[in-house]
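S.K.: Here it is, the structure, as structure tokens.
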Amino acid sequence: MHQKNKIFLKNFVAFWTVLLSSSLCCGCCAECHVMSMGRGQESAVRRVLTQTIVHGSWLVLQNGHFCTDYLMETLSQITSSDMVHSGFRLWITSESCDQFPVNFLQVG
């Protein structure tokens, strides 16, 4: 059975520490893309997300609270993909937000 680990951090510096140490602990040298969400970023994120799913790269989406509607599209893109590389990881940073999709957290 595949166990999923969810980590909730309140501090962005702590997030980067966990991300880097996770990469080192698993011996992973995965390519890591960092993108800040905001108005008009969806098409660029869509393109990079497709690449990271296929190639097993890591993607950090910063400021998820700016694009809560788009996050559901992101979830759909991941779950409907035929081939999700085992090395693929998606990280999302967000401020506290009532509109953040609960479904996204449940599947994560």
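The values are calculated or read from the model by the stated rules, or taken from the named source; none is laboratory data. Everything numeric in this text was worked out from a predicted model, so none of it was measured. Every residue, glycine among them, receives a Cβ derived from its backbone with ideal geometry; neighbour counts consider all protein chains shown.
S.K.: Could you list, in sequence order, all residues of region 91-107 that are free of Cβ contacts under 8 Å to residues at least 40 places away in the same chain and either part of a strand (DSSP E or B) or touching a Pro at 6+ places or on another chain (Cβ under 6 Å) (or both)?
M.R.: Within region 91-107, ILE92 is the sole residue that qualifies.
S.K.: Condition check: exposed (fewer than 15 other Cβ atoms within 10 Å of the Cβ) and acidic (Asp, Glu). Does GLU42 satisfy that?
M.R.: Here the answer is no, as GLU42 does not meet what is asked.
S.K.: Among the numbered conditions (1) exposed (fewer than 12 other Cβ atoms within 10 Å of the Cβ); (2) modelled with pLDDT under 85; (3) not in a loop (DSSP other than H, G, I, E, B), tell me where LYS4 comes up short.
M.R.: (3)
S.K.: Further, regarding this structure: What are the residues in region 56-81 that are of a type outside the set (Phe, Trp, Tyr), over 15 Å from CYS97 (Cα atoms) and not in a loop (DSSP other than H, G, I, E, B), if any?
M.R.: LEU59, VAL60, LEU61, GLU73, THR74, LEU75, SER76, GLN77, ILE78, THR79, SER80
S.K.: Checking GLY64 against (1) over 20 Å from VAL107 (Cβ atoms); (2) surrounded by 12 or more Cβ atoms within 10 Å (Cβ to Cβ): exactly one of these is not met. Which one?
M.R.: (1)
S.K.: Let me ask you something else. Which of (1) among the hydroxyl-bearing types (Ser, Thr, Tyr); (2) farther than 21 Å from LEU105 by Cβ; (3) without any contact (Cβ under 8 Å) to a residue 12 or more places away in the chain is the odd one out, the single condition SER86 does not satisfy?
M.R.: The one condition SER86 does not meet is (3).
S.K.: Show the residue pairs meeting these rules: Cβ distance below 9 Å; 6+ apart or different chains; first residue within region 33-47 and under 12 Å from THR74 (Cα atoms); second residue assigned to a strand (DSSP E or B) and modelled with pLDDT under 85.
M.R.: none
S.K.: Quick check on region 15-36. Is at least one of its residues on the phi > 0 side of the Ramachandran plot, loosely packed, with under 12 Cβ neighbours inside 10 Å and modelled with pLDDT under 85?
M.R.: yes
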